[in-house]
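Notes for the one structure printed next.
The values are calculated or read from the model by the stated rules, or taken from the named source; none is laboratory data. Predicted, not measured: the structure shown is a model, and the values here were computed from it. Cβ placement follows ideal geometry from the backbone for every residue including glycine, while neighbour counts extend to all protein chains displayed. Accessible surface is based on the protein model in full, side chains and every heavy atom, while ligands, DNA and RNA are left aside. Shrake-Rupley method; radii C 1.70, N 1.55, O 1.52, S 1.80 Å.
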Amino acid sequence: MDRRDYIMRMIEQLGAMLAALRKRMLGQEVSRAEAADTLREAARLGGLDYDLARAMAPETLLMMVAPGGEVDPGRCWLLAELSYLDGLDADLADDAAEARDSFERAGYLFGLLQPIVGNFLGIPESRERLRDVEERLSRLSRESGHSPGEE
């Protein structure tokens, strides 16, 4: 089996797993603990340490998604989507500070994917997610009286 094919199938499976989690989050059918466990498991399956990533500043994440200097689209998308879902979970739980931190990481990572044209393996367009992240950050900022990116 070709390594690239294996990686593509793994990303598709993770995409389906995370899409199902998003649907359950929006339907309020999942606890925060269960969501966190699912995010950690998806990260682990993708070869990432999500707890470490959550502690990093957005710009530091570049080391995780571009270990050879060039952005790995699969790793970048996975970490961006994990951050987005973490932010969505926090936002739905009215934890504005955590949501803002996660959405800022997601926005940075989805921004790194913008040169990639079209859907990547049928995974949601990074441009669509980036717009959603920007809208959510803007709303959180209006509600809290902060400027985007401000602590």
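Surface composition of the chain: carbon and sulfur atoms hold 51% of the protein heavy-atom accessible area at a 1.4 Å probe.
Surface analysis of the chain yields an accessible area of 53 Å² per residue, using protein heavy atoms and a 1.4 Å probe. When each of the peptides 26-36, 91-101 is scored by how many other beta carbons lie within 10 Å of its residues on average, the order from highest to lowest is 91-101, 26-36. Listed options for Rg and Dmax of the Cα atoms in Å are [x] 18.7, 67; [y] 14.7, 53; [z] 22.9, 93. The value calculated from this structure is the one marked [y]. Residues of the range 44-80 falling in the label zone of R24, defined by backbone nitrogen less than 18 Å from a point 7 Å along Cα to beta-carbon, are 44-46. Quick one: net charge around R139, please, counting Lys, Arg +1 and Asp, Glu -1 for every other residue with C-beta under 13 Å from its C-beta. In short, -2.
Ranking of Y50, Y108 by solvent-accessible surface, largest first: Y108, Y50 (1.4 Å probe, protein heavy atoms only, all chains present).
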